[in-house]
1. In the chain, what is the count of Lys pairs whose alpha carbons are under 21 Å apart, counting only pairs at least 8 residues apart or on separate chains?
2. So, counting K/R as plus one and D/E as minus one, what does the shell of residues with Cβ under 15 Å around F54 add up to?
3. What ranking do 29-36, 88-95, 115-122 get when scored by the average of other Cβ atoms within 10 Å per residue, highest first?
4. Which of the helices in the chain, when you take each full DSSP H run, stretch at least 18 Å along the axis at their Cα atoms and have an average Kyte-Doolittle score of 1.0 or higher?
5. Rounded to the nearest 500, what is the chain's calculated 222 nm mean residue ellipticity when only DSSP H runs of at least 4 contribute -39500 (n - 2.57) each, over all residues?
6. Determine the per residue accessible area of the range 34-122 with all protein chains present and a 1.4 angstrom probe, expressed in square angstrom.
7. Net charge near F122, counting Lys/Arg +1 and Asp/Glu -1 over other residues with Cβ under 15 Å of its Cβ?
8. Over the Cα atoms, compute the radius of gyration (one decimal) and Dmax (the largest Cα-Cα distance, rounded to a whole number) for the chain, in Å.
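The values are calculated or read from the model by the stated rules, or taken from the named source; none is laboratory data. Values in this document were obtained by computation on a predicted structure and should not be read as measured data. Positions of Cβ are generated from backbone atoms using ideal geometry, with glycine treated the same way; all protein chains shown enter the neighbour counts. Side chains are part of the model used for accessible areas, which takes the heavy atoms of the whole protein and leaves out ligands, DNA and RNA. Shrake-Rupley method; radii C 1.70, N 1.55, O 1.52, S 1.80 Å.
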Amino acid sequence: MKRRSDENSGILSHFALYFASVSAFGFADGFTAMLMMEKFGASAEFNPFLREIFMLGGCECFLTFKVATAALLLFFPLALCREMRWTSALFFIVFIFGGSAAALNNAFFIINGYQLLTPEAFLLIFFSATAFALKIGEALDENAERKAFFKISEERWEQMKREMGIYF
């Protein structure tokens, strides 16, 4: 019975990580980017595709697109959270920190007129952190799977002892 509650709490924690990462990467980064483009113009956005969405659709369209894209992108690790518990959790954590850092960088730009971190440097750090998190998560998931494979329940252990004629 303990295994079932652990699994449910794991899924709930992944839902919390999913919503936190969509909030940080989609909403917080998108909202501050929207404010930044309203103040300095669309050219303040590094991504040319997002610049076009802002220019063609305005603030509401831009923010909706940013949040919806983040929700769709981050849904895939959520769907895999049972098989890849650590990998998906670390993936979400990278997106939480990445989205928060991007939002802070945008806010710094809005307040001071210059960036704390260039978009190129930010992307290098973000993609490196993502690759590192995926590699560490894969190793942790593989180790957990190996442990689960060799784990015998108390009931199964008692049954095996009876089958072998061991009584103590």
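1. Taking the chain as the scope, the lysine pair count is 5.
2. Numbers: positive: K39, R51, K66; negative: D29, E38, E45, E52, E60.
So the surrounding residues net to -2.
3. Listed from highest to lowest mean packing, they are 88-95, 29-36, 115-122.
4. Details: long enough: 2-21 (28 Å, -0.51); 48-79 (33 Å, 1.42); 85-112 (40 Å, 1.31); 119-149 (44 Å, 0.45).
For the chain, where a helix must reach 18 Å along its axis and average at least 1.0, the hits are 48-79, 85-112.
5. On the way: 6 runs with 134 residues, N = 168.
It lands at -28000 deg cm²/dmol.
6. Each residue of the range 34-122 exposes 57 Å² on average to a 1.4 Å probe.
7. On the way: positive: none; negative: D29, E45, E120.
Summing Lys and Arg as +1 and Asp and Glu as -1 gives -3.
8. Looking at the chain, its Cα Rg and Dmax stand at 22.3, 80 Å.
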